[in-house]
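The structure appears right after this line, and notes come after that.
The values are calculated or read from the model by the stated rules, or taken from the named source; none is laboratory data. Everything numeric in this text was worked out from a predicted model, so none of it was measured. As a convention, Cβ positions derive from the backbone with ideal geometry for all residues, glycine included, and neighbour counts pool all protein chains shown. When the accessible area is computed, the model is the full protein with side chains, heavy atoms only, and any ligands, DNA or RNA have been set aside. Shrake-Rupley method; radii C 1.70, N 1.55, O 1.52, S 1.80 Å.
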Amino acid sequence: MTTQEALFNYCLRLADNHLILGHRLSELCSKGPVLEEDIACTNISLDLIGQANALLQYAASIENNGRNEDDLAFLRHERHFYNSLLSEQPNRDFAFTMVKQFLIDAFNYYLFDELKKSKDLTISALTTKGHKEITYHLRHSSTWIDRLGLGTDESNLRTQNAINELWRFTDDMFVMDEVDKMLITDGIATDLNIIKTKWQNTVNGAFEKANLKIPEKVWMQYGSKQGKHTEHLGFLLAEMQHLHRAYPGVKW
Amino acid sequence: MENALNEKSFQDKIDEGISIEPKDWMPETYRKHVLRQISQHAHSEIIGMQPEGNWITRAPSLRRKMVLLAKVQDEAGHGLYLYSAAESMGVTRDELLDQLHTGKAKYSSIFNYPTLTWADIGAVGWLVDGAAIMNQVMLQRTSYGPYARAMVRICKEESFHQRQGFEIMTVLSEGSSEQKEMAQDALNRWWWPSLMMFGPPDEESPNSANALKWKIKREGNDELRQRFVNQTVPQAAILGLKVPDTDLKWNEAKKGYDFGTPNWAEFKNVISGNGPCNKERIANKIHSHKEGAWVREAAEAYAAKKNKASIAA
């Protein structure tokens, strides 16, 4: 594997995480529990897809093989997507959505904060800009964790259920392989163990404050970095890609 | 006697172009009329999110997806300004939503038509937002202050919406034969409902006379409809698309187009709940409102606890 190949793959991981999480959030447009929340979720979805767009443009330029950001978003198959297993999980209810957002926002917050220092100037610039938006995303989802955890018995129960269900996908975010190792050596990528410690502190603190518990003895699921996903991703891509694929090669 | 005096000074204000503010005296019929119009307008923005939101997850490029997300987010924001303008007349948002859910309050009947293909997103922006702008530009000078001010903000964003719709149509009409066919089909389906957006002919419109006298509206339905046709027909020509009206003809004498009569029976039918999507639009709205009940309760309970804690401290 060359550095160029590693960097291409690394950008896809960052981009896919945002694209798929943003897509899930966009499914909720016009379905929010209250109008203000509808606006907030649509706005966050737009931020995430905007960041994914910029990262995919960069990935395409690294690959330098005639593909553009749309080819990468709409013409790759499931096994070539590298978003975290957590990001592709369906919304189910508002508690599921917010727990998922919170766990990923906290991850992105620390990851992007580190990547600001990347020796790759484009990654540094994109994550510096992205971190400002993610800071707001994390504030939004943390506030909801607090509200839902401490609100009513029902909201606490629903949120606890969501944590119990989603926790098994959390470790997958921190898996590192050859791509990471190569790029960490070059000062481009970040050691995810450092991110994990900070992430754990934030998550533990927020859950404790909101009277929520992290489940014990959970069997973790892995695979996203090899493009091995849960069954949900195929349906998501079928919907997202179908129009683009149905009319090959045209402009939109 | 006092009422007659009030009414005279109210009408004088209107005639002098002074805006009516929430605390000013106003005839009950005026209040009801404005409130009904703002509420319909707000609900239209909110229900309008559904036919457009329908294509967000399937938008054919990342750029189109982002523009559509931004647009639908704007519509939600417009709904918010308008609910606030309505609240200035002493109703709560819960009451307004309740009226929507029970069918007591109406919204623009255009949103009861389905968005069947991607080209419909172009046609909705170009035609539906185009028609809406005709109305909204006029409403920036409507006599009720909070409504006029909401419209100023809304108009700034609506012209961007119309442009993005026209841009989608441009790309499709310059694209493959299948794309062009998709664009023509969308125009065929959206043209007549768009003309109906201005409301029935003035002579049959029960609310038109008062609306003009009180300067809630400043132009009649037919006048606005004519202006929309005059503006839009040349745009269709630029796109190389055919407007689906065999009576359409330039009239040199009036410097405008003569055009056919919309199917007003269909209009009445859609307004009374029998359009292709009336049931779904309201059912979806009620469903998400019900699904969100526990979230709203949690937020209220949380705020109450915080409040209590801060008082105790």
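Residues being in contact (Cβ under 8 Å) with a residue 12 or more places away in the chain, touching a Pro at 6+ places or on another chain (Cβ under 7 Å) and either within 14 Å of chain A (Cβ to nearest Cβ) or not hydrophobic (A, V, I, L, M, F, W, C) (or both): count how many of those fall in region B:259-313.
Going through region B:259-313 one residue at a time, the tally reaches 2.
Can you spot a residue in region A:108-118 that is crowded, with 24+ Cβ neighbours inside 10 Å and closer than 25 Å to A:Ala238 by Cβ?
Within region A:108-118, none of the residues are crowded, with 24+ Cβ neighbours inside 10 Å and closer than 25 Å to A:Ala238 by Cβ.
I'd like to check which helices (runs of 4 or more DSSP H) are fully inside region A:137-252 and have at least 3 residues that are out of contact with any Leu (no Cβ under 6 Å at 6 or more places or on another chain) and more than 30 Å from A:Glu36 (Cβ to Cβ).
In region A:137-252, the matching helices (runs of 4 or more DSSP H) lie at A:178-185, A:192-209, A:232-246.
Report the residue count in region B:230-271 for those that are loosely packed, with under 11 Cβ neighbours inside 10 Å and under 23 Å from the mean Cα position of the chain (by Cα).
Matching residues across region B:230-271 total 2.
Could we say that A:Leu237 is within 14 Å of another protein chain (Cβ to nearest Cβ), at pLDDT 95 or above and surrounded by 15 or more Cβ atoms within 10 Å (Cβ to Cβ) here?
yes
For B:Trp25, indicate whether it is outside any helix (DSSP H, G or I) and open to solvent by less than 30 Å² (accessible area, probe 1.4 Å).
It is false that B:Trp25 is outside any helix (DSSP H, G or I) and open to solvent by less than 30 Å² (accessible area, probe 1.4 Å).
Just give me the residues in region B:47-70 being outside any loop (DSSP other than H, G, I, E, B) and more than 7 Å from chain A (Cβ to nearest Cβ), in sequence order.
Residues satisfying the conditions are B:Ile47, B:Gly48, B:Pro51, B:Glu52, B:Arg63, B:Val67, B:Leu68.
Table: residues versus (1) open to solvent by 70 Å² or more (accessible area, probe 1.4 Å); (2) at the interface with chain B (Cβ under 9 Å from one of its Cβ atoms); (3) closer than 30 Å to A:Arg147 by Cα.
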{"position": "A:Asn211", "(1), (2), (3)": "yes, no, yes"}
{"position": "A:Lys217", "(1), (2), (3)": "yes, no, yes"}
{"position": "A:Ser224", "(1), (2), (3)": "no, no, no"}
{"position": "A:Pro248", "(1), (2), (3)": "yes, no, no"}
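Does B:Asp129 satisfy being among the charged types (D, E, K, R), touching a Gly at 6+ places or on another chain (Cβ under 8 Å) and without any contact (Cβ under 8 Å) to a residue 24 or more places away in the chain?
no
I'd like the residue in region B:207-229 that is basic (Lys, Arg) and under 21 Å from B:Lys13 (Cβ atoms) and, out of all such residues, is least open to solvent (accessible area, probe 1.4 Å).
B:Lys217
Looking at the structure I just gave you, is B:Ser61 modelled with pLDDT under 95, surrounded by fewer than 21 Cβ atoms within 10 Å (Cβ to Cβ) and either small (Gly, Ala, Ser) or under 30 Å from A:Asp70 (Cβ atoms) (or both)?
no
Select from region B:281-296 the residues that are touching a helix residue (DSSP H, G or I) at 6+ places or on another chain (Cβ under 8 Å) and assigned to a helix (DSSP H, G or I) and list them in ascending order.
B:Arg281, B:Ile282, B:Asn284, B:Lys285, B:Ile286, B:His289, B:Glu291, B:Trp294, B:Val295
In region A:126-154, which residue that is open to solvent by 60 Å² or more (accessible area, probe 1.4 Å) and more than 26 Å from B:Gly292 (Cα to Cα) is nearest to the other protein chains (Cβ to nearest Cβ)?
The qualifying residue nearest to the other protein chains (Cβ to nearest Cβ) is A:Lys129.
What about B:Asp94, is it within 14 Å of chain A (Cβ to nearest Cβ), surrounded by fewer than 19 Cβ atoms within 10 Å (Cβ to Cβ) and not small (Gly, Ala, Ser)?
yes
Does B:Leu116 count as in a loop (DSSP other than H, G, I, E, B) and at pLDDT 95 or above?
It is true that B:Leu116 is in a loop (DSSP other than H, G, I, E, B) and at pLDDT 95 or above.
On the basis of being away from chain A (no Cβ under 12 Å) and either over 14 Å from the mean Cα position of the chain (by Cα) or not in a helix (DSSP H, G or I) (or both), does B:Ala105 make the cut?
For B:Ala105, the condition - away from chain A (no Cβ under 12 Å) and either over 14 Å from the mean Cα position of the chain (by Cα) or not in a helix (DSSP H, G or I) (or both) - is met.
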